[in-house]
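Worksheet for the structure shown next.
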Amino acid sequence: MRNILLFIFIIQFVIACKPSNKTKTPEEIQKEKQDSIEQVRKEQEEAAKKRPITAKDIKLEKELKYDKYTLDDKYEYQDTFRVFQWEKIKEKLAYIENFQREHNEYGLVSNYKNKHGEAPTVANYKRNAYKRVSDTLGTERYQSAPLYRVGDSKNPIIYGRDGSLVKLLSSDTLDMVKVKGLSNFEGEWEIPKRYVKALGDSLAFKHIVVVDVTNQNICALDHVKDTWYIRSMNKATTGKHNPPYAMETPVGMFLVQEQKAKMFYTKDGSSEIEGFAPWASRFTNGAYIHGIPVNNPKGKIIETSWSLGTVPRSHMCVRNASSHSKFVYDWIKPYSSLVIVID
């Protein structure tokens with residue numbers, strides 16, 4: 001009986017292993033090819049998701065929404081040329097896309113006019129050209145937050161500039177909030193909770209304004225599907241080095257924090273209101289993107305100025321034609337739009 005069962009098993013095994021003489025139909029062959037192609041495509045997509053985005057991956061197209069005073073990619077200035085630094089801008093956009101791939105609980109470093117208290121002095125401080133305390137990286141104490149090494153809350157090491165974006169690594173209700181720098185400083189740090197504003201995990205940074213302090217120009221871009229569209233290309237005037245009142249527009253990446261239809265300003269060295277700047281959007285400290293200043297609190301809005309796109313002239317802000325500032329004012333949204341300042 002055992003031999004019979006063994007014989008039956010061998011016969012079944014041979015039959016099962018015998019190659020099939022059935023010829024595949026053209027439809028079956030085509031389906032196999034399509035399935036293989038689809039499998040390769042899925043594998044490539046998965047690999048692309050894991051690979052960091054680079055400047056070469058950024059698709060940039062020009063489709064203006066504001067078309068007044070538009071500059072060319074390269075344009076004459078006096079006896080030389082100025083440009084829009086698209087390759088450098090693409091690098092910044094790639095960086096933004098990469099950190100948005102992660103699951104981030106976003107936060108904002110906030111201390112406008114020392115509203116949340118003057119930051120303690122860092123261990124190795126210095127005095128800058130404005131006679132103000134700054135850290136070894138040049139970030140001023142005024143309007144900044146103190147950054148402490150994780151687990152050591154005795155002495156801050158560096159300052160985090162107002163308007164900087166961070167990833168929250170702990171609850172924002174703790175006395176010391178653990179964060180990772182996403183703009184203007186790197187690494188993991190702890191910040192006293194009064195300097196951190198939680199923004200949630202659902203932000204999508206689609207609207208970006210780029211200011212170039214070297215070429216004195218400004219452009220607006222937004223992200224639609226897989227493409228960044230250039231919405232404006234205009235002249236700008238940034239902050240000049242003129243202590244103790246006027247200072248450079250800081251290079252970095254900042255979150256738009258508030259907007260004012262009229263941003264009133266005082267006369268240097270006094271509390272007297274000297275005038276206003278229209279359509280102002282603040283991104284760090286007292287730096288706004290705004291229209292042409294009007295040296296009369298009750299004056300009318302001035303559209304443009306011969307000084308735009310020449311040399312730095314403002315106190316820290318970024319001046320534009322007033323209608324362009326209105327475009328930016330209406331287009332961007334506080335706490336979900338970024339201003340990038342490059343050199």
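Scan region 19-36 and tell me whether some residue there is modelled with pLDDT of 75 or more, surrounded by 10 or more Cβ atoms within 10 Å (Cβ to Cβ) and touching a Lys or Arg at 6+ places or on another chain (Cβ under 7 Å). Taking every residue of region 19-36 in turn, none turns out to be modelled with pLDDT of 75 or more, surrounded by 10 or more Cβ atoms within 10 Å (Cβ to Cβ) and touching a Lys or Arg at 6+ places or on another chain (Cβ under 7 Å).
Would you check if there is a residue in region 51-73 being part of a strand (DSSP E or B), in contact with an Asp or Glu (Cβ under 6 Å, 6 or more places away or on another chain) and crowded, with 16+ Cβ neighbours inside 10 Å? Looking for residues that are part of a strand (DSSP E or B), in contact with an Asp or Glu (Cβ under 6 Å, 6 or more places away or on another chain) and crowded, with 16+ Cβ neighbours inside 10 Å, one finds none in region 51-73, hence no. A single entry from 93, 168, 137 fulfils the requirement of being modelled with pLDDT under 95 and either under 26 Å from residue 242 (Cβ atoms) or open to solvent by less than 40 Å² (accessible area, probe 1.4 Å) (or both): 137. Do you know which residues across region 102-133 are without any contact (Cβ under 8 Å) to a residue 60 or more places away in the chain and farther than 23 Å from residue 257 by Cα? Across region 102-133, the qualifying residues are 120, 121, 122, 123, 124, 125, 126, 127, 128, 132, 133. Residues considered: 239, 275, 291. Of these, the only one that is touching a helix residue (DSSP H, G or I) at 6+ places or on another chain (Cβ under 6 Å) and either farther than 23 Å from residue 64 by Cα or not β-branched (Val, Ile, Thr) (or both) is 291.
The strands (runs of 3 or more DSSP E) found wholly in region 245-299 and carrying at least 1 residues that are over 19 Å from residue 143 (Cα atoms) and out of contact with any His (no Cβ under 9 Å at 6 or more places or on another chain) occupy 258-266, 273-284, 287-290.
Is it fair to say residue 306 is modelled with pLDDT of 95 or more, more than 19 Å from the chain's Cα centre (by Cα) and assigned to a strand (DSSP E or B)?
On the way: modelled with pLDDT of 95 or more: yes; more than 19 Å from the chain's Cα centre (by Cα): yes; assigned to a strand (DSSP E or B): no.
For residue 306, the condition - modelled with pLDDT of 95 or more, more than 19 Å from the chain's Cα centre (by Cα) and assigned to a strand (DSSP E or B) - is not met.
Of all the listed residues (76, 118, 102), the sole one being within 22 Å of residue 205 (Cα to Cα) and open to solvent by 20 Å² or more (accessible area, probe 1.4 Å) is 102.
Using the structure shown, decide if residue 151 is in a loop (DSSP other than H, G, I, E, B), buried (at least 19 other Cβ atoms within 10 Å of the Cβ) and at positive phi. No, not satisfied.
Every condition in (1) within 19 Å of the chain's Cα centre (by Cα); (2) surrounded by fewer than 22 Cβ atoms within 10 Å (Cβ to Cβ) is met by residue 326 except one, and the failing one is (1). Checked against the criterion of being hydrophobic (A, V, I, L, M, F, W, C), open to solvent by less than 70 Å² (accessible area, probe 1.4 Å) and at pLDDT below 95, region 240-252 contains one or more residues that satisfy it.
The values are calculated or read from the model by the stated rules, or taken from the named source; none is laboratory data. Remember, it's a predicted structure, so these values are computed and weren't measured experimentally. Because the Cβ atoms are built from the backbone with ideal geometry, glycine has one as well, and the counts that use them run over all protein chains shown. Side chains are part of the model used for accessible areas, which takes the heavy atoms of the whole protein and leaves out ligands, DNA and RNA. Shrake-Rupley method; radii C 1.70, N 1.55, O 1.52, S 1.80 Å.
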